[in-house]
Amino acid sequence: MKKCILSVVGKDKVGITAGVCGVLAEAGVNILDINQTILQEYFTMVVLVDIDTSELDFGQIAERLEGYGKESGMDIHIQREEIFDAMHRI
């Protein structure tokens with residue numbers, strides 16, 4: 001299983017979760033866990049995904065997500081789990 005952590009931040013509006021999940025579904029990415037909240041007028045979401053289920057490579061998935069983020073006014077980033085863990089290791 002190739003786990004990745006996806007973060008989404010932007011001004012709250014209708015359809016953010018649906019849009020991001022649509023991009024993931026089109027890429028064949030499986031959502032393992034999802035957490036979202038509204039901080040004042042800002043939407044934040046963290047998603048744990050498994051990219052093993054996709055025929056696309058990490059770079060292609062990241063490109064699609066970042067492209068969707070730009071067109072929808074959201075800041076979307078995806079990191080491999082091992083990179084995320086290494087960055088947060090004490």
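The values are calculated or read from the model by the stated rules, or taken from the named source; none is laboratory data. In this text the structure is predicted, and so the values were computed from the model without any measurement. Virtual Cβ from ideal backbone geometry, glycine too; neighbours counted across all protein chains shown. The area values use the complete protein model at the heavy-atom level, side chains included, leaving out ligands, DNA and RNA. Shrake-Rupley method; radii C 1.70, N 1.55, O 1.52, S 1.80 Å.
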Practice problem: Please get the size of the charge dipole for the chain, origin at its Cα centre, with Cβ charges of +1 on Lys and Arg and -1 on Asp and Glu, quoted in debye to the nearest 20. | Solution: 200 debye
Quiz item: How far is it, in nm, from the label point at ILE31 to the one at THR44 when both lie 7 Å from their Cα along the line to the Cβ?
Solution: 1.9 nm
Quiz prompt | Table column - 3J(HN,Hα) (Hz), the range 32-49, Karplus curve with 6.51, -1.76, 1.60, x for Gly and Pro | solution = 9, 7, 8, 9, 9, 7, 10, 10, 6, 9, 9, 8, 10, 9, 10, 10, 9, 10
Quiz item: How about LYS13: which lysines have a C-alpha closer than 17 Å to its C-alpha, ignoring those fewer than 8 places off in the same chain?
Solution: LYS70
Practice problem: Among GLY59, GLY69, VAL49, flag the residue with its Cα farthest along the positive direction of the charge dipole of the chain, charges on Cβ as +1 for Lys/Arg and -1 for Asp/Glu. | Solution: GLY69
Exercise. Would you grab the residues whose amide H sits under 5 Å from the one on LYS2? Only those 5+ places off in sequence or on another chain, please, with H modelled 1.01 Å from N.
Key: ILE51, ASP52
Practice problem: Compute the distance in nm between two label points, each set 7 Å from the Cα along the Cα-to-Cβ direction, one at CYS21 and one at HIS77. | Solution: 2.5 nm
Practice problem: List the pair-distance distribution P(r) of the chain, using every Cα-Cα distance, as the percent of pairs falling in each 5 Å bin from 0 up to the bin containing the longest distance, rounded to whole percents. | Solution: 3, 14, 27, 25, 18, 10, 3, 0
Quiz item: Solvent-accessible area per residue for the range 1-66 at a 1.4 Å probe radius, Å²?
Solution: 58 Å²
Practice problem: Grab the Cα-Cα distance for GLU55 and LYS13, subtract it from 0.36 nm times how many residues apart they are, and report the gain in nm with one decimal. | Solution: 12.1 nm
